[in-house]
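Asker: I'd like to ask you about the structure that follows.
The values are calculated or read from the model by the stated rules, or taken from the named source; none is laboratory data. Bear in mind the structure is a predicted one, so any value in this text is a computation, not a measurement. Because the Cβ atoms are built from the backbone with ideal geometry, glycine has one as well, and the counts that use them run over all protein chains shown. To get the accessible areas, we keep the full protein, side chains included, count just its heavy atoms, and leave off ligands, DNA and RNA. Shrake-Rupley method; radii C 1.70, N 1.55, O 1.52, S 1.80 Å.
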Amino acid sequence: MSAQDTSMFDDLLQEKRAFDPPEEFTRNAVVRNDECYKRAQEDYEGYWEDEAKELKWFSPWKKVLDWSPPHARWFVDGKINISFNCLDRHLNTPRRNKAAIIWEGEDGEVKTITYLQLFREVCKFSNCLKKLGVRKGDIVAIYMPMLVESAIAMLACARIGAIHNVVFGGFSPDSLAERINDSKAKVVITADGGWRRGRVLGLKHNTDRAVEHCPSVEHVINVKRIPGESYLLNMEDGRDHWYHQLMYGTSDSCPAEELDSEDISFILYTSGTTGKPKGIVHSTGGYAVGAYSTNKYVFDLKEEDIFWCTADVGWITGHSYVVYGPLLCGATILMYEGAPDFPEKDRFWNMIAHHKVSVFYTAPTAIRAFMKWGDEYPAGHDLSSLRLLGSVGEPINPEAWIWYYTNIGKGRCPVVDTWWQTETGSIMISALPGVTTLKPGFAGPAMPGIDATVLDEKGNEVVQGSGLLAIRKPWPSMIRTIWGDDERYVQTYFSKWDNRTYFPGDGAKRDAAGNFMILGRVDDVLNVAGHRIGTMEIESALVDHPAVAEAAVVGKAHEIKGQAIVAFVSLKGSSKADIALLSELKEHVVEKIGALARPEDILITPDLPKTRSGKIMRRLLRDIAEGRALSDVTTLADPDVVADLRAEYEENYGA
Ligand code: WT7
């Protein structure tokens, strides 16, 4: 959806419903009034400095912020280790024997690991990495299902100063290879497989296919998850190692490396407007402060909470709110391996009731699927342990918001709609649940210490109406650069207006109280079921098929996924358009990128609508895919192309 298409949001702006925090919630909340906003406004650096002081630093910073636009350094010369702060810091407190992670496999297996146990496993695995020659600054790719070992792997890298590069397990071998090669990873950590809807996702097998094309990889570490799967695996002598064999007999003493605040903690690839994914680089100290502070305030974490963020560790949400944020807070997290509808569509509610989850954080696409599956699924479970709900990843429509609030929160639990990005590292816009009056459709105000606003193309502030979201001051957990491409960093994020103002790529509106409504991406990036994917990536995958001459990909509104992928494809001379080819093309995209990129519709067409200068007019294609009246066609080289396309699309997909 583009910011111009705000018509569907007009209803939203009329949205009158508002929900004050329940009094009892506010009375017990971590944040009970708006003083933190004032404090951050009056002394912005002082505010962040106070947040940083709650973590343990080996040596203090000399300066809070060094801002030479567009590059920021936070807590300059401070020495810190995020793994130490997630683990060691809690060991001399009553948290020592508290559950750090409660893990549930899709097959129903449950494991609980305390802070002390997690600490020991992380130390041991850190030593395993060292044995394989991993040193500070080396890149380690992690391609895993949702296992306790995934968190251990991340924390072990952080402990020794190795830079992890987690790649979502749903990505194809090609996508994995691309991310390994761009980062020059030395080691890959994977698993024989993971359960997803009762089937095994063969991650080691995919890794083998990827690593064939990755000269930088020296070792592959394989976690055993699936009984009986091992005999199917190829374990290459010298290169491949079983996790449990490496761990056996390894020392559990491994002091955390004293890292510089600005040392890179991890790289995480995300989609942009070109065909090449960007390796988003995050710092150590600033990232830790952002993940810690937002977790504490937005999720109102208390000692007794059981926090469940349903994101996969392959995304930034899994980094900041499955692993780092909650552990920095000393919370108990629930981690789940599999699908929400396996073996039944009440799996999540069953787990919430069983584990007594108190804070639950998921995505609108999941909420819309739950709505569609039916109210009877949550109604059959005792959800009274819940006290706070969260949403992330895409705009949540008021209907889904109200359903979530009513059917899951039973009208008792505030719903925080959190806006942020891979690049921002932690939540930027959100209600504070004990303070903010909630308005469905609005993500809420900027977090304390975050200077968000709405600007027009020229950089003028937009008070009423829609414009572009902008962040005017640096913040601790911000992206530091794009791996190997600082030029692209500057171009993408700090050149829309000036080199001090961050451009996130989203459209936004603001109400009189300063609440932001996020209108979606204004660039060629799609958000499909909460997953970010570039149109160019999908186009490159399509033109990679021998039959395809040209491809243009757009998003269309989708009831459950938010957006769905629609591809318009023209074929090379002799190729024949038939049903078989359509499914072949879809499979080809899945093969190249992963199932998350599978096109919903493909339309074969002799021509794509182009401007006289040869640029494909995506705006028109979006109109066709969404069945809207056609927007301006005057700049088009051949207007008939559009009319033909539209007739054909409607015939095939009934838009
Ligand atoms: C894009 C970032 C941040 C974690 C997951 C996605 C969209 C994210 C919201 C929200 C409206 C949202 C934006 C943003 N987005 N949260 N609460 N309301 N839109 O991270 O993959 O980096 O995607 O997701 O368009 O730019 P990501």
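Asker: Which number in (1) more than 16 Å from the ligand (Cβ to nearest atom); (2) surrounded by fewer than 20 Cβ atoms within 10 Å (Cβ to Cβ) marks the one condition that THR273 misses?
Answerer: Status for THR273: all satisfied but (1).
Asker: Would you point out the residue of the range 309-336, among those that are hydrophobic (A, V, I, L, M, F, W, C) and within 16 Å of the ligand (Cβ to nearest atom), that is most open to solvent (accessible area, probe 1.4 Å)?
Answerer: Here the answer is TRP315.
Asker: Test ILE226 against the stated conditions and say whether it is modelled with pLDDT of 95 or more and open to solvent by less than 20 Å² (accessible area, probe 1.4 Å).
Answerer: no
Asker: Quick check, is SER575 more than 30 Å from PRO606 (Cβ to Cβ) and outside any strand (DSSP E or B)?
Answerer: No, not satisfied.
Asker: Hey, another quick one. Any idea which of LEU147, LEU155 is closer than 22 Å to PRO326 by Cβ and buried (at least 24 other Cβ atoms within 10 Å of the Cβ)?
Answerer: LEU155
Asker: Could you check GLU487 against (1) free of Cβ contacts under 8 Å to residues at least 24 places away in the same chain; (2) more than 25 Å from ASP263 (Cβ to Cβ) and say which number it fails?
Answerer: Checking GLU487 against (1) free of Cβ contacts under 8 Å to residues at least 24 places away in the same chain; (2) more than 25 Å from ASP263 (Cβ to Cβ), the one that fails is (2).
Asker: With the condition kept exactly as written, say whether any residue in the range 257-268 is out of contact with any Cys (no Cβ under 7 Å at 6 or more places or on another chain), surrounded by fewer than 24 Cβ atoms within 10 Å (Cβ to Cβ), more than 21 Å from MET146 (Cβ to Cβ) and of a type in the set (A, V, I, L, M).
Answerer: yes
Asker: Specify the residue that is nearest to ALA288 (Cα to Cα); the eligible residues are those in the range 240-252 that are open to solvent by 50 Å² or more (accessible area, probe 1.4 Å) and in contact with a helix residue (DSSP H, G or I) (Cβ under 6 Å, 6 or more places away or on another chain).
Answerer: If we take residues in the range 240-252 being open to solvent by 50 Å² or more (accessible area, probe 1.4 Å) and in contact with a helix residue (DSSP H, G or I) (Cβ under 6 Å, 6 or more places away or on another chain), then ASP252 is nearest to ALA288 (Cα to Cα).
Asker: Give GLY279, GLY290 a once-over and let me know the one that is farther than 26 Å from GLY390 by Cα and open to solvent by less than 10 Å² (accessible area, probe 1.4 Å).
Answerer: GLY279
Asker: Moving on. Just one of ALA162, ALA177, ALA156 is under 28 Å from ALA339 (Cβ atoms) and without any contact (Cβ under 8 Å) to a residue 60 or more places away in the chain; which is it?
Answerer: Being under 28 Å from ALA339 (Cβ atoms) and without any contact (Cβ under 8 Å) to a residue 60 or more places away in the chain holds for just one of ALA162, ALA177, ALA156, which is ALA177.
Asker: So ILE579 fits all but one of (1) over 22 Å from the mean Cα position of the chain (by Cα); (2) crowded, with 23+ Cβ neighbours inside 10 Å; (3) aliphatic (A, V, I, L, M); what number is the exception?
Answerer: (2)
Asker: Separate question: Can you give me the number of residues within the range 407-430 that are within 17 Å of ARG510 (Cα to Cα) and charged (D, E, K, R)?
Answerer: Residues meeting the conditions: 1.
Asker: Same structure again: Checking the structure you have, find out if any residue of the range 426-447 is open to solvent by 10 Å² or more (accessible area, probe 1.4 Å) and away from the ligand (no atom under 16 Å from the Cβ).
Answerer: Yes, because at least one residue in the range 426-447 is open to solvent by 10 Å² or more (accessible area, probe 1.4 Å) and away from the ligand (no atom under 16 Å from the Cβ).
Asker: Only residues that are more than 16 Å from the ligand (Cβ to nearest atom) and either within 19 Å of GLU394 (Cα to Cα) or open to solvent by less than 10 Å² (accessible area, probe 1.4 Å) (or both): list them for the range 294-304, please.
Answerer: ASP300, the sole residue that qualifies.
Asker: Ok, one more. Of the numbered conditions (1) more than 13 Å from the ligand (Cβ to nearest atom); (2) assigned to a loop (DSSP other than H, G, I, E, B), GLU423 fails exactly one; give the number of that condition.
Answerer: The single condition GLU423 does not satisfy is (1).
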